[in-house]
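Asks: Dropping the structure in here first, questions after.
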Amino acid sequence: MELVDSHCHLDAPEFDRDRAAVLDRARAAGVRQQVVPAVEAAEWPKLREVCRAADGLHPAYGLHPMYLAAHRPGHLEDLRGWIERERPVAVGECGLDYYVEGLDHAAQQACFDAQLRLAREFGLPVIVHARRAVDAVIASLRRVGGLRGVVHSWSGSEEQAGQLWKLGFLLGIGGPITYERARRLRRLVATMPLEYLLLETDAPDQPDAGIRGQRNEPARLAAVLDAVAALRRQPREDIARATTANAARLFGLPL
Ligand SMILES: [Zn+2]
């Protein structure tokens with residue numbers, strides 16, 4: 001079985017002590033490839049080094065809305081250079097976060113829009129963070145147009161999901177699906193078309209119910225796969241095959 005973790009922050013400092021062991025456990029769990037999205041410009045060089053150091057690690061470069069205070073106007077121009085030179089699999093992580101207080105909405109929007117335009121210009125998918133901001137994200141994607149990508153850590157309604165599918169976007173599903181209280185999410189994942197589903201861990205964040213409160217890691221993608229398979233009453237091999245093919249198609253990964 002071959003899995004792709006479509007969203008893992010393997011470059012995060014939480015993995016500095018034991019990154020090689022984390023990668024070994026991921027491979028043992030069938031996670032052969034990972035998409036590693038960026039959060040801020042100062043960390044792009046480290047992200048590049050981490051992804052160069054092992055097979056199957058694919059960086060995306062971008063400016064995360066939660067790190068707004070670290071972003072400078074020049075970083076968007078730098079991002080263009082990194083995209084041209086490094087040819088990443090995607091632009092991101094970018095998006096809108098209306099949950100964390102103190103993140104200016106207009107500044108987030110300007111930073112997000114600029115990254116969407118870069119993605120369109122380079123024909124790259126976007127990795128989108130949307131927290132309490134799904135409608136605003138959908139409006140942004142419509143306004144810019146000509147985009148494809150994934151809204152990761154999906155938490156919206158079925159209606160919003162349908163709007164995103166029409167726009168050519170997939171939904172990233174991770175640890176939250178393993179919690180019984182995530183009723184709306186579990187209902188959606190049980191019935192949604194498999195062609196729009198990507199598996200992710202968002203490690204080191206968003207631990208599944210089996211490792212509640214602990215550091216998450218890419219090997220835990222197997223727990224996400226198990227939960228999705230159980231909810232859909234489908235063999236886990238079928239879910240693995242379909243979601244791996246989805247990730248390969250979206251990000252242009254080797255299979
Ligand atoms: Zn993330």
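Asks: Being among the charged types (D, E, K, R) and in contact (Cβ under 8 Å) with a residue 60 or more places away in the chain is the filter; apply it to the stretch 156-213 and report the residue that is surrounded by the most Cβ atoms within 10 Å (Cβ to Cβ).
Replies: Taking the candidates together, the pick is Glu200.
Asks: Select from the stretch 131-154 the residues that are farther than 20 Å from Leu103 by Cα and within 16 Å of the ligand (Cβ to nearest atom) and list them in ascending order.
Replies: Once the filter is applied, which keeps residues that are farther than 20 Å from Leu103 by Cα and within 16 Å of the ligand (Cβ to nearest atom), the stretch 131-154 yields Gly149, Val150, Trp154.
Asks: Hey, another quick one. Starting from the stretch 104-124, keep only residues that are closer than 21 Å to Met66 by Cβ, then list their pairs with residues that are among the basic types (Lys, Arg) whose Cβ atoms are within a distance under 8 Å, requiring at least 6 positions of separation or different chains.
Replies: Asp113/Arg143; Leu118/Arg80
Asks: Quick check on this structure: which one of His71, His58, His75 is surrounded by 14 or more Cβ atoms within 10 Å (Cβ to Cβ) and within 16 Å of Glu200 (Cα to Cα)?
Replies: After ruling out the rest, the residue left standing is His58.
Asks: Then there is this: Look through the stretch 149-192, keep the residues that are touching a strand residue (DSSP E or B) at 6+ places or on another chain (Cβ under 7 Å) and not in a strand (DSSP E or B), and return whichever of them is farthest from Val134 (Cα to Cα).
Replies: Ranking the candidates gives Val189 first.
Asks: Just to check your reading of the model, which residue among Ala229, Ala222 is in contact with a helix residue (DSSP H, G or I) (Cβ under 6 Å, 6 or more places away or on another chain) and either more than 28 Å from Asp18 (Cβ to Cβ) or not polar (S, T, N, Q) (or both)?
Replies: Testing whether each residue is in contact with a helix residue (DSSP H, G or I) (Cβ under 6 Å, 6 or more places away or on another chain) and either more than 28 Å from Asp18 (Cβ to Cβ) or not polar (S, T, N, Q) (or both) leaves just Ala229.
Asks: Among the residues of the stretch 20-39, is any small (Gly, Ala, Ser), more than 16 Å from the ligand (Cβ to nearest atom) and buried (at least 24 other Cβ atoms within 10 Å of the Cβ)?
Replies: yes
Asks: Here's a follow-up. State all residues of the stretch 224-238 that are out of contact with any Pro (no Cβ under 9 Å at 6 or more places or on another chain), in a helix (DSSP H, G or I) and surrounded by fewer than 21 Cβ atoms within 10 Å (Cβ to Cβ); if no residue qualifies, say none.
Replies: Asp226, Ala230, Leu231, Arg232, Arg236, Glu237, Asp238 - these are the residues of the stretch 224-238 that are out of contact with any Pro (no Cβ under 9 Å at 6 or more places or on another chain), in a helix (DSSP H, G or I) and surrounded by fewer than 21 Cβ atoms within 10 Å (Cβ to Cβ).
Asks: Right, something else. Would you pick out the residues in the stretch 110-169 that are among the acidic types (Asp, Glu) and farther than 23 Å from Leu188 by Cα?
Replies: Asp113, Glu121 - these are the residues of the stretch 110-169 that are among the acidic types (Asp, Glu) and farther than 23 Å from Leu188 by Cα.
Asks: Could I ask something else about it? Tell me which residues, restricted to the stretch 40-56, are within 14 Å of Ala12 (Cβ to Cβ) and either more than 15 Å from the ligand (Cβ to nearest atom) or in a helix (DSSP H, G or I) (or both).
Replies: Within the stretch 40-56, Ala42, Glu43, Trp44, Lys46, Leu47, Glu49, Val50, Cys51 qualify.
Asks: Also, quick follow-up: Of all residues in the stretch 57-102, which are under 21 Å from Gln34 (Cβ atoms), away from the ligand (no atom under 14 Å from the Cβ), touching a strand residue (DSSP E or B) at 6+ places or on another chain (Cβ under 7 Å) and not in a helix (DSSP H, G or I)?
Replies: Listed by number, the residues that qualify are Leu57, His58, Pro88, Val89.
Asks: For Leu124, state whether it is in a helix (DSSP H, G or I), modelled with pLDDT of 95 or more, away from the ligand (no atom under 16 Å from the Cβ) and within 24 Å of Leu76 (Cα to Cα).
Replies: Answer is no for this residue.
Asks: Can you spot a residue in the stretch 231-240 that is closer than 28 Å to Pro88 by Cα and modelled with pLDDT of 95 or more?
Replies: Yes, because at least one residue in the stretch 231-240 is closer than 28 Å to Pro88 by Cα and modelled with pLDDT of 95 or more.
The values are calculated or read from the model by the stated rules, or taken from the named source; none is laboratory data. Note that the structure is predicted; figures quoted are calculated from it, not measured. Please note: Cβ atoms are built from the backbone with ideal geometry, for glycine as well, and neighbour counts cover all protein chains shown.
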